[in-house]
């Protein structure tokens, strides 16, 4: 009888399923067939029974092993509108089901469990969840195209090699074992709950819903696990996906790990497909979403949601893709895909973590971690080894990008991007900002190769860029913005900004670009005006719109080379009451050309920020170009390239400090400090080796404030050519400023109208102090002429002062003056011949003192035509004995007595030679030596 039952069972199950036609008007045939591999413990389908108050089908039987119940089928599909439930005996925690046939499983109706057990369903050939597919499972659900379920005693509950589970007690499954080419999983479920909300496939709070197989497709399908865990894993090739079990209270009991997988397939969400793991309960833990594959794509307004309305512990949305993550919209329908982890409660927001090689987000798609409660917003963390690309806008103009905003008390979430290359184009945006009392989050970009920001949304309304802002109506401070990269490119209207439009302070910006920073170009708005590419720290936009009181953020740029050109700008400005931020540039080389602008200005009541430029090698400011006025109006002007610190309002300007080896200002370029409104100007302080001006200007200008001063410390040379100028001028009633120049040489062409000016109109002229070794080509002038002038005049007031210190060149400087009285050589030379038997003549030596001849005592004195000869030998008195050790010689000569002329000499016995008036008779002796003459007297 038992043998007959086993042989008849498959036919019996199939026939029983047909009976559903009797009990339901629209019931579709279910293909559920036991395979007989469990013997007497085979599964049994009981159709047409009452299940949870409605007619359905119940699956009994199976093999019980400890807390596990095993079922095995050759076919398993559920028709549209059909309800199939597994019976859950007491003590069973896991129901494990395999399909051993060759067909995929089509779940078009309801699949459920009559109890709280977890349901594991594997079919290596594939699984399809239709539009009306529904899960009614109190525990977790794992649907997989794995080959088998693995256990800790090396038993594998395999669909391709079916075996009966051993009788020994079996613990919880350890993982999913995959064969070489697992089937795909498709979810199209869009069923609704009793409230009319689309829920699709759903499990209860703090439970896991996992779909793990080959390719995973969500085509309009929805997956939901409020406060639970959603796992989508797409694998390829042999390997094991592990189960991580947790039996602690208030935790997710089951998560998956992929350490045993080497290769992956693709996960695709399309047609408004959604994954939802929101937490709506007060104390419910926030759920998590985990996607693991090769390529993960979200298109056509598909989304992943993990928001929090309670106080539970934050979860995460984790997307791991070895090749690519791509989010895009659908054309021509105005659709955008998104990942949203908003926080409405006190427990904090979820984090979005993306690990991939390449991330592409376009067509207005975005990732948002927004704060609408008292808890801190979630984080957005992107690790893309190759690149991150944020491209364009939606058809309605919504920017593609990453957003972490706070609209309540909670602090905004942080955004961190770590990649090889970050590309933000055509309206793409990365933004951390605050609209309320909470402070904005931090934005950090680390791109090993480069960051490229380019373009704006059509019409120029939204610039591409990176932003950290405190918006209108907020009181919280803006977050900080940090960029670390090899190269930074900002082009065609793109921008980086840390601004405040409120009472909150602007954030600090730090740019570390080891190779270069390039800021260039503009974009044209729909009204014909232009928006400049640039790096900005702003307080407000226009003085007639808002009056923010927050302080502007500071900007620091560290790089080898900074280029600002073609209307590009780097500015730390204030348009309101709040003080402007400071701008600090630490560089090797700075190039500002073709209308580029670098500086800090105040247009309102706030103090202007100071500007400090340290460029070890060079600074060049040259040319002009077309740029944005910065006031939000439609006017277009041609701007000279400029490095500046200024005031055009009530606030005082900051100082401009420059240190470099070579400063070049040419072709209309300007380096300037100014006070063109009521506010006072700052000072211009330059330390350099050389300054070269060729149709260039160094200026300090004031209208009605205090004087604007210039300090130049130049170790080598200042050169002025072609109408160049160094000016400290005053307009209206202001006084001219002071110009202090300390250098070696100041050189100008006298006919090229290059000037050094400290003049005024109604006020007093300034003071010009020049200390130099030489000034060439410039003339002191009481009025300006067409020549190159130095002038400190006033048209209506008191003229200023010009003081020039150019020390005369003295060739004797550094030399020791010779004394007027020559050293008395007689004190140094013995006046007697050497005795002691030495043959003096044998030394054949001589010592000659000629004196100074006709030279004057000092090289700068003229030559004398009446030089008197002075004999250097002393006059000896008649009775004075002269010895070789004589210490004092009386140079006063007395009247000499008559001296008899010597006619010869005699040699005494002791060798003394005596001159005699009468020559004695002697025998001549010829010597080969020249005799030595040793005179005793002189004159």
Inset, instruction - For region 240-256, name all the residues that are touching a strand residue (DSSP E or B) at 6+ places or on another chain (Cβ under 8 Å) and outside any strand (DSSP E or B). - result: 246, 252, 253
Legend entry - Test result for residue 501, in contact with a strand residue (DSSP E or B) (Cβ under 8 Å, 6 or more places away or on another chain) and more than 18 Å from residue 430 (Cβ to Cβ): yes
Inset, instruction - May I ask you to say which residue of 682, 669, 675 is within 33 Å of the chain's Cα centre (by Cα), surrounded by 19 or more Cβ atoms within 10 Å (Cβ to Cβ) and closer than 20 Å to residue 618 by Cα? - result: 669
Inset, instruction - From the list 234, 257, pick out the single residue that is crowded, with 22+ Cβ neighbours inside 10 Å and in contact (Cβ under 8 Å) with a residue 12 or more places away in the chain. - result: 234
Inset, instruction - Being assigned to a loop (DSSP other than H, G, I, E, B) and under 20 Å from the mean Cα position of the chain (by Cα) is the filter; apply it to region 564-598 and report the residue that is farthest from residue 668 (Cα to Cα). - result: 581
Inset, instruction - Please verify whether region 628-639 includes one or more residues that are surrounded by fewer than 24 Cβ atoms within 10 Å (Cβ to Cβ) and either at pLDDT 95 or above or under 16 Å from residue 720 (Cβ atoms) (or both). - result: no
Inset, instruction - State yes or no: is residue 347 within 25 Å of the chain's Cα centre (by Cα), touching a residue at least 40 places away in the same chain (Cβ under 8 Å), crowded, with 24+ Cβ neighbours inside 10 Å and over 23 Å from residue 266 (Cα atoms)? - result: no
Inset, instruction - Go through region 55-80 and count every residue that is part of a loop (DSSP other than H, G, I, E, B), touching a strand residue (DSSP E or B) at 6+ places or on another chain (Cβ under 6 Å) and more than 24 Å from residue 150 (Cα to Cα). - result: 0
Inset, instruction - Have a look at 318, 339, 360 and point out the one that is surrounded by 23 or more Cβ atoms within 10 Å (Cβ to Cβ) and either part of a strand (DSSP E or B) or modelled with pLDDT of 95 or more (or both). - result: 339
Inset, instruction - Please tell me if residue 436 is touching a residue at least 40 places away in the same chain (Cβ under 8 Å) and either farther than 15 Å from residue 497 by Cβ or touching a helix residue (DSSP H, G or I) at 6+ places or on another chain (Cβ under 7 Å) (or both). - result: yes
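Residues are listed down the side, and each one gets a yes or a no for (1) over 20 Å from residue 745 (Cα atoms); (2) touching a residue at least 12 places away in the same chain (Cβ under 8 Å); (3) part of a loop (DSSP other than H, G, I, E, B):
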residue	(1), (2), (3)
682	yes, yes, yes
688	no, yes, no
700	yes, yes, no
704	yes, yes, yes
708	yes, yes, yes
713	no, yes, no
726	no, yes, no
Legend entry - Test set (1) in contact (Cβ under 8 Å) with a residue 40 or more places away in the chain; (2) part of a strand (DSSP E or B) - residue 736 fails condition number: (2)
Legend entry - Residue check, residue 475 touching a strand residue (DSSP E or B) at 6+ places or on another chain (Cβ under 9 Å), assigned to a loop (DSSP other than H, G, I, E, B) and either free of Cβ contacts under 8 Å to residues at least 24 places away in the same chain or surrounded by fewer than 21 Cβ atoms within 10 Å (Cβ to Cβ) (or both): yes
Legend entry - Matching residues in region 703-714 - criterion: being modelled with pLDDT of 85 or more and surrounded by 24 or more Cβ atoms within 10 Å (Cβ to Cβ): 710
Inset, instruction - Report those strands (runs of 3 or more DSSP E) wholly inside region 395-440 carrying at least 2 residues which are touching a strand residue (DSSP E or B) at 6+ places or on another chain (Cβ under 7 Å), crowded, with 21+ Cβ neighbours inside 10 Å and at pLDDT below 95. - result: 401-406, 429-434
Inset, instruction - Looking only at region 13-29, decide whether some residue is at pLDDT 50 or above, farther than 22 Å from residue 170 by Cα and in contact with a helix residue (DSSP H, G or I) (Cβ under 9 Å, 6 or more places away or on another chain). - result: yes
Inset, instruction - With the condition kept exactly as written, say whether any residue in region 554-563 is within 20 Å of residue 682 (Cα to Cα), at pLDDT below 90 and in a loop (DSSP other than H, G, I, E, B). - result: no
Legend entry - Unique match (being under 45 Å from the mean Cα position of the chain (by Cα), crowded, with 16+ Cβ neighbours inside 10 Å and at pLDDT 85 or above) among 746, 802: 746
Inset, instruction - For region 772-780, state whether one or more residues are within 20 Å of residue 646 (Cβ to Cβ) and modelled with pLDDT of 90 or more. - result: no
Inset, instruction - Of the numbered conditions (1) within 18 Å of residue 556 (Cβ to Cβ); (2) crowded, with 24+ Cβ neighbours inside 10 Å, residue 464 fails exactly one; give the number of that condition. - result: (1)
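The values are calculated or read from the model by the stated rules, or taken from the named source; none is laboratory data. Note that the structure is predicted; figures quoted are calculated from it, not measured. Using ideal geometry, Cβ is built from the backbone for each residue, glycine included, and neighbour counts are taken over all protein chains shown.
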